[in-house]
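One structure is given below, encoded as structure tokens.
The values are calculated or read from the model by the stated rules, or taken from the named source; none is laboratory data. Keep in mind it's a predicted model, so treat the numbers as computed, not measured. Cβ: placed from backbone, ideal geometry, glycine included. Neighbour counts: every protein chain shown.
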Amino acid sequence: MVQSLFCGSMMLPAVWSQLLAAETRGEENPLAPKAPHFQAKAKQVIFIYLPGGFSHVDSFDYKPKLIDDAKNGRLYQGRRTLLAPLWDYKPRGKSGLMISDLFPNIAECADDLCVINSLRGDHNDHFQATLGIHTGSVTFKRPSIGSWVSYGMGTENQNLPSFVALAPQLPYTGGQVWDSDFLPAVHQGTRVVAGDEPVPNLNRRSPSTKIQATELSLLERFNRRHLRGRTTDPQLEARIKSYETAFGMQRAMPEVLDLSKETDATLKLYGIERGQTTGFGWQCLVARRMVERGVRFIELIDVGASKNWDAHGDMKTHEPLARNVDLATAGLLRDLKSRGLLDQTLVVFTTEFGRSPTAEGEYGRGHFCFNFSSWLAGGGVKTGMTWGRSDDYGMKPVENECHVHDFHATILHLLGFDHTKLTYRHGGRDYRLTDVHGNVISEIIA
């Protein structure tokens, strides 16, 4: 068995020597930067995912008839109780986008947002819907969108992963959210958690760099000897290559996670205190630092598979959850914009499905995959606009429906990819993120 990268101080030697060795063998570095199919609008993605399903009708999809009918006790189709949003809507910014007080700081960034109010998924259960928004499939394991982006683009920084998941807790489906599945293992997301040890065994444990170099040289020989008798195992070669990136991480990642040189004004923008190493604000600031260093795809997950946005009993539980992400997300948008990074960075704010416009119990809402909202910012999208429209109650799209496959196709297009051509041969057929579906939403592209 190939020795683990994170076994004491045992890491493979000199990342660059390994890349040169691969080149000598006539192999292509799978993480080398790759040209897209056409000129890209965006170079990187920050994918903010809120597990549990936040309510579209309480946040970004303003429905005055729902509000009026609910307050007057009218029933949907004469039999189902309507539930009005708990937060008031107001026109925001110069664009006048209607956004509720659930996300007051994000609302102040309305003129930078492209809100999609006609999203539709394929499953009403968390597990399957989480797979859907990440992999395009609700029935079978497939590579994550972050893995597809890594596979298509490679990375500009060989000392950091191309795909990182900042996830303090495991979401529904666990690590499948950032899994590469049948794509080469080097494209799997690297999980970073908040706290004292964001990446396990990251610190060098050898007494000196000279001793470490000797250890790594020996380990390299053992690994290559092991590989010579197993040349038909692509996963083995991919694992060795992934160690090369991880060796670079040992030097580069601690610097990325060190916020000590950030100004007090920047920390305040994200709502964090000096020395803080946890919280969604910390995740957002680390994401900005990763963007600066060329990481291709960064996913931010605020909570896990429990105590999340799944508000069956009481919609008021949305309030502390929103407060946790609102200021930091707005701070991220402002910070990226002030540094000239928003134009090259596509920010995605999404969930696995919405909440029912009708009540579950007295004050809760049920799962609702038939219509929900998400927004995009930066990375070549039009700003200060909404796209798609649901009916008077937010029950179903009635104009410009956006299926999850369309959502994914548009993200890939902004990165310079024809989603029908970004494929990988597996099990006798070509697979892609959008399966055999998906249309690019050209109307929202600047």
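Looking at Ala311, Ala330, Ala305, which is the one that is small (Gly, Ala, Ser), under 17 Å from Phe349 (Cβ atoms) and outside any strand (DSSP E or B)? Going through Ala311, Ala330, Ala305 in turn, the sole match is Ala330. The lone criterion from (1) over 20 Å from Leu332 (Cβ atoms); (2) surrounded by 24 or more Cβ atoms within 10 Å (Cβ to Cβ) left unmet by Asn124 is number (2). The test for being in a loop (DSSP other than H, G, I, E, B) and touching a helix residue (DSSP H, G or I) at 6+ places or on another chain (Cβ under 6 Å) holds for Ile272. Within the range 150-184, the residues that satisfy the criterion of being among the aromatic types (Phe, Trp, Tyr) and either under 23 Å from Ala35 (Cβ atoms) or in a loop (DSSP other than H, G, I, E, B) (or both) are Tyr151, Phe163, Tyr172, Phe182. If you take the residues of the range 351-364 that are within 25 Å of the chain's Cα centre (by Cα) and of a type outside the set (Asp, Glu), which of them is surrounded by the most Cβ atoms within 10 Å (Cβ to Cβ)? Selected residue: Gly354.
Would you call Phe163 closer than 18 Å to Tyr424 by Cβ, in the same structural domain as His413 (by TED's automatic domain parsing), among the aromatic types (Phe, Trp, Tyr) and in contact (Cβ under 8 Å) with a residue 40 or more places away in the chain? Spelling it out, Phe163 is indeed closer than 18 Å to Tyr424 by Cβ, in the same structural domain as His413 (by TED's automatic domain parsing), among the aromatic types (Phe, Trp, Tyr) and in contact (Cβ under 8 Å) with a residue 40 or more places away in the chain. Is it the case, given these coordinates, that Asp310 is among the acidic types (Asp, Glu), over 15 Å from Asp58 (Cβ atoms) and at pLDDT 95 or above? Here the answer is no, as Asp310 does not meet what is asked.
Being in contact with a helix residue (DSSP H, G or I) (Cβ under 8 Å, 6 or more places away or on another chain), crowded, with 20+ Cβ neighbours inside 10 Å and either of a type in the set (A, V, I, L, M) or at pLDDT below 95 (or both) is the requirement here; does Leu341 meet it? Considered against the rule, which asks whether it is in contact with a helix residue (DSSP H, G or I) (Cβ under 8 Å, 6 or more places away or on another chain), crowded, with 20+ Cβ neighbours inside 10 Å and either of a type in the set (A, V, I, L, M) or at pLDDT below 95 (or both), Leu341 comes out as no.
Checked against the criterion of being of a type in the set (S, T, N, Q), crowded, with 23+ Cβ neighbours inside 10 Å and under 16 Å from the mean Cα position of the chain (by Cα), the range 154-166 has at least one qualifying residue.
Counting only strands (runs of 3 or more DSSP E) that fall entirely inside the range 86-149 and contain at least 3 residues that are aliphatic (A, V, I, L, M), the qualifying elements are 97-100, 113-120. Scanning the range 328-338 for residues being crowded, with 18+ Cβ neighbours inside 10 Å and touching an Asp or Glu at 6+ places or on another chain (Cβ under 8 Å) gives a total of 2.
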